[in-house]
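A.B. asks: Please see the structure below; I have some questions.
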Amino acid sequence: MATINDNYLKLKAGYLFPEIGRRVKAFAEANPEAPIIRLGIGDVTEPLPAACREAMVKAVEDMGSRDTFKGYGPEQGYEWLREKIAEHDFKSRGCDVDASEIFISDGSKCDCGNILDIFGNNNTIAVTDPVYPVYVDTNVMAGHTGDANENGEYGGLVYLPITAGNNFTAEIPTDKKVDLIYLCFPNNPTGATATKEHLQGWVNYAKANGSIIFFDAAYEAYITDPSLPHSIYEIEGARDCAIEFRSFSKNAGFTGTRCALTVVPKTLTGKAADGSDVEIWKLWNRRQSTKFNGVSYIVQRGAEAVYSEAGKAQIQALVNFYMENAAIIREKLTAAGIEVFGGENAPYVWVKTPHGLSSWDFFQKLLETCNVVGTPGSGFGAAGEGYFRISAFNSRENVEEAMRRIVEKFKV
Ligand code: MLT
């Protein structure tokens, strides 16, 4: 009899976004006329930048001629793309990241989960609360946790609350040692940011304890405050203790096109069972070349165009557009007496639910009375209860209309 991975049975019924999708679908079927506006999942709505489209069209043509046709590409990604990334995303900000340390993939979500393949099963794992659910669920699947309690917190994980009470910073544990730490800044879901000093604290902690930081920088393009770091490698010592995940999804609109990257410095090591130090880069390279065959040539050419002069300008315009949406959300809700956080260096606005409603009650009321979809804060963790995430990824018209409806019904 075939048996299953029982760890899957510990998972809460559905991954957060499909669960929201299910509820919205049920509502839409019962109310086919409802003009639903979706500000839930952080999925981009605006067209791909022209520079990326043109590069992909040309790449399709390359595939049509024997001379320029491409079969399997390098598992790690084409060097011409990795060189551009190293130059523009890292070296230009003073980060010591070499093209050989960059791995191109089809998504940060996949990489955040897949990275666990190369780590042991006895690590103590820290996540923020609220948190991007992928970090937690992939650890549950890998058998790194116990069961969930009534708040949805899994045994064995160390939760670091990020709340208004601590100004949305992930406080460094003073009483326990953690081995793997997930940090996401600008933060999903709260839109909070981390200063260089704060990240330096984490890097110092990781170095002192032999820990590794998984730094998710998927939203770095949304940083407007020039004092904030875009990469963990802007922090001294991070090459020895951090892996960084980045994506073309949120800056260049690649959520449906799929391209991302992970940086694994060659100086990063972990302990083998016999106590020896092993290069993490070698393990990740081995994992990727065994289980992954690279991102399509066409998509990598599209990603490369992000770094052309035209591409850079078009991407900045896209980011500015979504950030103007975030400013509208902040402004309208604040004027209506609703407390908001984030949305200044991130495309997410973290809203204190009005009238003392729970996160899911607000979700349901908002859907039923305003036909607006957002994401309940408690879906990201127990400390998200009483909050609600509104995504700035939508058309201007939809954002303005959604705010008009919310203000009308929920003004305090
Ligand atoms: C979100 O809404 O949190 C994101 O869209 C999730 C993701 O990027 O996978």
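Nothing in this text is a laboratory measurement; each read-out follows from the coordinates by a stated rule. Quick caveat, the model's predicted, so the values are computed rather than measured. Neighbour counts are summed over all protein chains in view; Cβ atoms, including those assigned to glycine, are modelled from backbone coordinates with ideal geometry.
A.B. asks: Return the percentage of antiparallel bridges among DSSP beta bridges fully within the chain, rounded to the nearest 5 %.
C.D. replies: 55
A.B. asks: Across region 204-214, in residue order, what do the Karplus-derived ³J(HN,Hα) couplings come to in whole Hz, using 6.51 cos²θ - 1.76 cosθ + 1.60 with θ = phi - 60° and x for Gly and Pro?
C.D. replies: Values per residue, Gly and Pro as x: 4, 4, 4, 5, 5, 10, x, 8, 10, 9, 9 Hz.
A.B. asks: Further, regarding this structure: Is the C-alpha gyration tensor of region 3-123 telling us rounded, prolate or oblate? Criteria: a/c under 1.5 is rounded; beyond that, a/b larger than b/c is prolate, otherwise oblate.
C.D. replies: Oblate shape, in that a/c is at least 1.5 and b/c is the bigger or equal ratio.
A.B. asks: List the residues, sorted by chain then number, that are 5 or more residues from S247 or on another chain and whose placed amide H is less than 5 Å from its amide H.
C.D. replies: L261
A.B. asks: Separate question: In region 1-41, what chymotrypsin sites (Phe, Trp or Tyr not before Pro) fall in a loop by DSSP, with at most 15 other Cβ atoms inside 10 Å?
C.D. replies: Answer in residue order: Y15.
A.B. asks: Sticking with this one: Please say if region 342-412 is rounded, prolate or oblate, where rounded means a/c under 1.5 for a ≥ b ≥ c the square roots of the C-alpha gyration tensor eigenvalues, and otherwise the choice is prolate for a/b larger than b/c and oblate otherwise?
C.D. replies: The shape class here is oblate.
A.B. asks: If you split all Cα-Cα distances of region 133-208 into 10 Å bins from zero, what percentages do you get per bin, shortest first?
C.D. replies: With a bin width of 10 Å, the distribution comes to 16, 46, 34, 4.
A.B. asks: May I pose another question? Cα-Cα pairs above 17 Å in region 256-305: how many percent?
C.D. replies: 51
A.B. asks: Mind computing the radius of gyration and Dmax over the alpha-carbon atoms of the chain? Å is fine for both.
C.D. replies: In order Rg, Dmax, the Cα atoms of the chain give 21.4, 66 Å.
A.B. asks: When ranked by the protection proxy of mean other Cβ atoms within 10 Å per residue, highest first, what sequence do the peptides 113-126, 346-359 form?
C.D. replies: The peptides rank, most packed first, as 346-359, 113-126.
A.B. asks: Also, quick follow-up: Can you list which of the GluC sites (Glu not before Pro) found in region 1-85 are DSSP loop residues with at most 15 other C-beta atoms within 10 Å?
C.D. replies: Taking region 1-85 and a limit of 15 other Cβ atoms within 10 Å, the loop GluC sites (Glu not before Pro) found are E33.
A.B. asks: Follow-up question, since we're still on this one. Which trypsin sites (Lys or Arg not before Pro) from region 106-188 combine a DSSP loop assignment with at most 14 other Cβ atoms within 10 Å?
C.D. replies: K176, K177
A.B. asks: Residue by residue, what Karplus-based ³J(HN,Hα) values in Hz, rounded to whole numbers, does region 17-25 have, using 6.51, -1.76 and 1.60 with θ = phi - 60° and x for Gly and Pro?
C.D. replies: Along region 17-25, the couplings run 6, x, 5, 5, x, 5, 5, 5, 4 Hz.
A.B. asks: When all alpha-carbon pairs of region 55-172 are counted, what percent fall beyond 25 Å?
C.D. replies: Everything past 25 Å amounts to 50 percent.
A.B. asks: Volume per residue, Å³, of the convex hull around the alpha-carbon atoms of region 270-391?
C.D. replies: It comes to 212 Å³ per residue, whole-number rounded.
A.B. asks: Let me have the relative contact order for the chain, percent, based on Cα pairs under 8 Å that are six or more residues apart.
C.D. replies: Relative contact order here is 23 percent.
A.B. asks: Here's a follow-up. For the chain, what is the mean residue ellipticity at 222 nm derived from helices alone (per DSSP H run of n ≥ 4: -39500 (n - 2.57); sum divided by total residues; nearest 500 deg cm²/dmol)?
C.D. replies: -10500 deg cm²/dmol
A.B. asks: GNM, the chain, Cα, under 10 Å: largest mean-square fluctuation among S296, S247, S308?
C.D. replies: S308
A.B. asks: With the Cα gyration tensor of region 246-342 in hand, convert its eigenvalues to equivalent ellipsoid semi-axes via √(5λ) and list them largest first in whole Å.
C.D. replies: Its equivalent ellipsoid spans semi-axes of 37, 22, 11 Å.
A.B. asks: List the lysines whose Cα lies under 19 Å from the Cα of K196, skipping any in the same chain that are fewer than 8 positions away.
C.D. replies: Candidates past the 8-residue exclusion: K91, K207.
A.B. asks: For the peptides 255-265, 86-96, 37-47, what is the packing order when you average, over each peptide's residues, the other Cβ atoms within 10 Å and list the highest mean first?
C.D. replies: 255-265, 37-47, 86-96
A.B. asks: Let me ask another. Evaluate the relative contact order of region 42-117 (contact order divided by residue number), counting alpha-carbon pairs under 8 angstrom at least 6 apart; express in whole percent.
C.D. replies: Reported relative contact order: 22 percent.
A.B. asks: Note down the relative contact order for region 260-382 as a percent, whole number, built from C-alpha pairs under 8 angstrom at least six residues apart.
C.D. replies: Over region 260-382, the number comes to 10 percent.
A.B. asks: Which one of R22, R389, R53 has the biggest mean-square fluctuation once the chain is modelled by GNM with Cα springs under 10 Å?
C.D. replies: Largest GNM mean-square fluctuation: R22.
A.B. asks: If you don't mind, another one. Along its principal axes, what span do the Cα atoms of region 38-101 show, with the longest given first and each in whole Å?
C.D. replies: Principal-axis extents of the Cα atoms in region 38-101, largest first: 40, 39, 21 Å.
A.B. asks: Would you kindly state how much longer the chain becomes between E339 and H355 on full extension, computed as 0.36 nm times their sequence separation minus their alpha carbon distance, in nm to one decimal?
C.D. replies: 4.7 nm
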